[in-house]
1. Specify the residue that is farthest from Asn416 (Cα to Cα); the eligible residues are those in the stretch 332-343 that are part of a loop (DSSP other than H, G, I, E, B) and out of contact with any Ser or Thr (no Cβ under 6 Å at 6 or more places or on another chain).
2. Pick from the stretch 106-131 the residues that are touching a strand residue (DSSP E or B) at 6+ places or on another chain (Cβ under 8 Å) and among the β-branched types (Val, Ile, Thr): which of them is surrounded by the most Cβ atoms within 10 Å (Cβ to Cβ)?
3. Would you confirm, using the coordinates I've provided, whether Phe575 is crowded, with 21+ Cβ neighbours inside 10 Å and either touching a Gly at 6+ places or on another chain (Cβ under 9 Å) or not assigned by TED's automatic domain parsing to the domain that holds Pro275 (or both)?
4. Return the pair list, or none, for Cβ contacts closer than 9 Å from residues in the stretch 136-150 that are under 12 Å from Asn681 (Cα atoms) and outside the structural domain of Glu185 (by TED's automatic domain parsing) to residues that are in a helix (DSSP H, G or I) and of a type in the set (Asp, Glu), at least 6 apart or on different chains.
5. Pick from Thr269, Thr319: which is of a type in the set (Val, Ile, Thr) and in contact with an Asp or Glu (Cβ under 6 Å, 6 or more places away or on another chain)?
6. Give the residues of the stretch 635-652 that are modelled with pLDDT of 75 or more and farther than 13 Å from Ile609 by Cβ, sorted by residue number.
7. Give me a count of the residues in the stretch 89-111 that are out of contact with any His (no Cβ under 8 Å at 6 or more places or on another chain) and free of Cβ contacts under 8 Å to residues at least 60 places away in the same chain.
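The values are calculated or read from the model by the stated rules, or taken from the named source; none is laboratory data. Only a predicted model underlies this, so the values are computations on that prediction, with no experimental measurement involved. Note that each Cβ is placed from the backbone with ideal geometry, even for glycine, and that neighbours are counted across all protein chains shown.
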Amino acid sequence: MNKNKRTHRFTILLIIGFLAIFSFISGRFIYIQATGEVHEVSLNDLAEDVREASVTLPSERGKIYDTNGNVLAFNRPVYRIYAILDEKVSKNTKEPQHVVDPEQTATKLAPLLDMEKEEIIEIIRNGMNEGLFQVEFKSNGKNLSEKTKDEIEQMKLPGIHFMQESIRYYPNNMFASHIIGFASESEEENEIVGVTGIENMKNKYLTGEDGYINYQKDNYNKKLLNKEEVVKEAIDGNDIYLTIDQKIQSLLEDVLSQAYEKYNPERITAVVMNPKTGEVLAMSNRPSFNLNNPENVENWYNDVISTPVEPGSTVKIFTWAAAIDSGVYDGNELFQSGKYKIHEQVEAVNDHNRGAGWGKISFDEGFRRSSNVAASRLVWEKMDTEVYLDYLHKFGFAEKTGIDLPNEVQGQITFNYPSDKLRTAFGQGSTVTSIQQMKAATSIVNGGEMLRPFVVKKIVDPKTGEIIENNEREVVSKPISEQTANKMIELLDSVVNSKDGTGRRFKLNDYSAIGKTGTAQIPDPEGGGYLTGDNNYIYSFIGMAPKDNPELMMHVTIKQPELKPNELGSVPVAFIFKNVMENGLHYLNIEPDKEGAIEKVELIEFPDIIGKDVELVKEKLQDFEQISIIGNGKKVESVNINKNSSIFSHQRVIVITDNVTMPNLKGWSYRDVLTLANLLNIQVETTGSGYVTKQSVKKGTKIEEGMKVSVTLTSSEKKQEKQE
């Protein structure tokens with residue numbers, strides 16, 4: 001009886017519990033149906049999210065141009081190859097979309113990917129065994145050109161597909177590497193980001209903003225019809241125009257490469273400026289690096305702006321300018337040269353001829369002979385040392401120039417003890433950068449006005465043409481008077497054009513150059529003091545031309561060159577200066593101001609020859625001295641010069657025909673070889689510098705894309721003498 005009661009009671013409780021649960025669930029369903037919400041999540045919104053898809057519209061990074069509109073950096077489309085292995089993708093297709101025959105696929109891909117057939121087979125079979133959906137082919141399958149992609153697609157290999165990507169490309173390789181810098185893909189953000197140079201400093205201007213398309217899809221991932229799309233267009237990055245002139249920069253690069261190969265120095269720096277505006281027309285360092293392959297870089301620093309050194313005698317320009325401007329200078333006053341000692345406890349100052357001096361000479365003569373004693377006397381006896389220090393600050397030696405390049409370093413004025421003050425006067429103890437000296441020297445050219453140097457000419461919106469930022473001539477101060485500047489022009493002229501001047505080697509053929517030489521000792525990093533030995537110096541020159549109306553100004557330094565016995569350190573510096581200045585002034589069409597000067601070098605406008613008959617093109621190009629027709633095709637496919645460009649008649653013109661074969665490269669310059677490699681999309685390995693003497697691929701060999709060619713370059717004394 002009790003058992004039946006307990007059973008009856010349990011049954012009732014079970015029914016009540018069931019009814020409660022049923023009521024709760026039913027009520028919940030009714031609520032969801034009425035409101036469309038589950039725990040504050042809208043089912044309608046959730047459904048929208050499931051149905052909604054988005055496609056990214058990639059933006060393009062802005063281009064970098066030189067001052068004349070020649071492109072120096074841009075995004076180049078490349079392709080990544082991959083193989084689909086999953087058979088399911090071919091279920092509802094007429095043609096197979098997965099790899100069917102690994103061996104046949106590997107056989108055809110191997111030569112185009114520069115891989116062994118067995119290696120490709122192994123990658124595919126391992127992927128199949130592991131059940132992978134798709135596989136890639138290591139680094140060989142990345143950064144493929146469109147031509148390689150097209151060749152592979154023509155084979156119609158099942159399962160082989162491509163993904164388009166972009167890489168940052170620099171058509172001139174090592175050209176202005178420390179200025180342009182390079183950009184690469186960021187692993188975290190999966191976008192191209194500037195790493196060094198302008199690419200880094202102006203990254204926010206160059207970087208675009210990706211767009212997107214939002215649309216709705218069905219369960220089969222197909223786009224639904226008659227649904228509104230949300231489209232946000234991509235905004236491309238802004239374009240940057242530099243003050244760099246491609247032709248002057250190319251000239252500088254070639255000459256530095258020759259000097260670097262011949263003299264094997266520790267460092268070379270060089271910068272060319274328009275002294276009237278502050279625009280940097282060329283800037284380069286050695287060692288340098290290839291922007292398209294920034295690996296094993298010996299020198300990341302842009303030494304022109306980032307490496308302060310003791311300047312040596314070039315700083316005497318500003319010592320004499322300070323003395324003249326402060327009203328204490330008499331150029332005709334005589335002093336005893338050779339040695340100068342102000343106190344028993346202060347080391348004597350010696351002139352550079354081991355303290356022998358030249359007897360009693362005037363201060364004007366002391367400048368052109370580069371007398372250390374004269375410089376020290378001016379600071380210690382004529383000027384108050386604090387007045388001199390004030391002028392060093394006026395010339396900007398204690399601060400950065402403000403040039404629009406990253407990682408500028410300002411150097412340091414050492415002016416604590418009497419010995420510091422004496423030695424700073426002739427370029428020891430204190431440190432400065434090349435760009436600081438160039439900035440200070442603009443005051444000599446501009447009647448006392450000092451200009452800010454800059455390398456970015458303008459930043460432009462590529463779509464609208466709107467100028468986002470525009471840089472122009474900027475006077476930052478006036479450290480000296482116009483009269484002082486004019487007197488300094490005369491003194492600088494005497495250094496180069498007087499019989500007893502230290503800069504006689506820097507005379508130009510057609511233009512009146514002026515300037516100041518420098519020889520700086522190198523501090524010993526281990527034992528203190530300075531390094532000894534004939535080669536342990538930094539040789540330099542800062543000069544400008546023409547004298548009465550300077551259009552170009554240049555500063556060159558070369559550290560620890562390997563000189564021949566009795567060869568002066570000014571020889572390699574003069575080789576660089578004279579080549580760049582003489583040819584640069586002719587290129588700019590500056591009228592020669594010396595009697596007996598050669599006629600001005602005329603520029604020739606380059607015609608449009610793309611797609612034209614090769615034989616007719618030869619006639620059109622008869623005014624050019626060096627024409628290289630690559631291959632034996634009938635039509636012109638490409639050329640290294642843009643149509644309507646103005647170029648020198650002696651510049652090499654490389655014409656690519658529709659049937660390319662390897663030319664004889666003997667006598668070609670390093671830059672010409674790299675230009676050919678870019679046109680043909682081949683890989684070139686170079687040994688040495690100067691001009692080609694050997695090549696690994698014989699003349700007449702059919703050129704294949706990606707082909708590797710090794711060339712040996714040797715400096716040619718005759719060619720250098722001809723250039724000089």
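1. Within the stretch 332-343, the first condition is being part of a loop (DSSP other than H, G, I, E, B), and the residues that meet it are 332-333, 337-338, 341-343.
Cutting the leftovers down to out of contact with any Ser or Thr (no Cβ under 6 Å at 6 or more places or on another chain) gives us 333, 338, 341-343.
Values: Glu333: 29, Gly338: 25, Lys341: 18, Ile342: 16, His343: 16 Å.
The selected residue is Glu333.
2. Ile124
3. Details: crowded, with 21+ Cβ neighbours inside 10 Å: yes; either touching a Gly at 6+ places or on another chain (Cβ under 9 Å) or not assigned by TED's automatic domain parsing to the domain that holds Pro275 (or both): no.
In short, no.
4. none
5. On the way: Thr319 fails: in contact with an Asp or Glu (Cβ under 6 Å, 6 or more places away or on another chain).
The conditions single out Thr269.
6. Passing the criteria: Gln651, Arg652.
7. So the count comes out to 16.
Conditions tested, residue by residue: (1) in a strand (DSSP E or B); (2) farther than 23 Å from Val309 by Cβ; (3) touching a strand residue (DSSP E or B) at 6+ places or on another chain (Cβ under 8 Å); (4) without any contact (Cβ under 8 Å) to a residue 24 or more places away in the chain.
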site	(1), (2), (3), (4)
His555	yes, no, yes, no
Ile558	yes, no, yes, no
Leu563	no, no, no, no
Asn566	no, yes, no, yes
Val573	no, no, yes, no
Glu582	no, yes, no, no
Glu591	no, yes, no, yes
Glu595	no, yes, no, yes
Ile629	yes, yes, yes, no
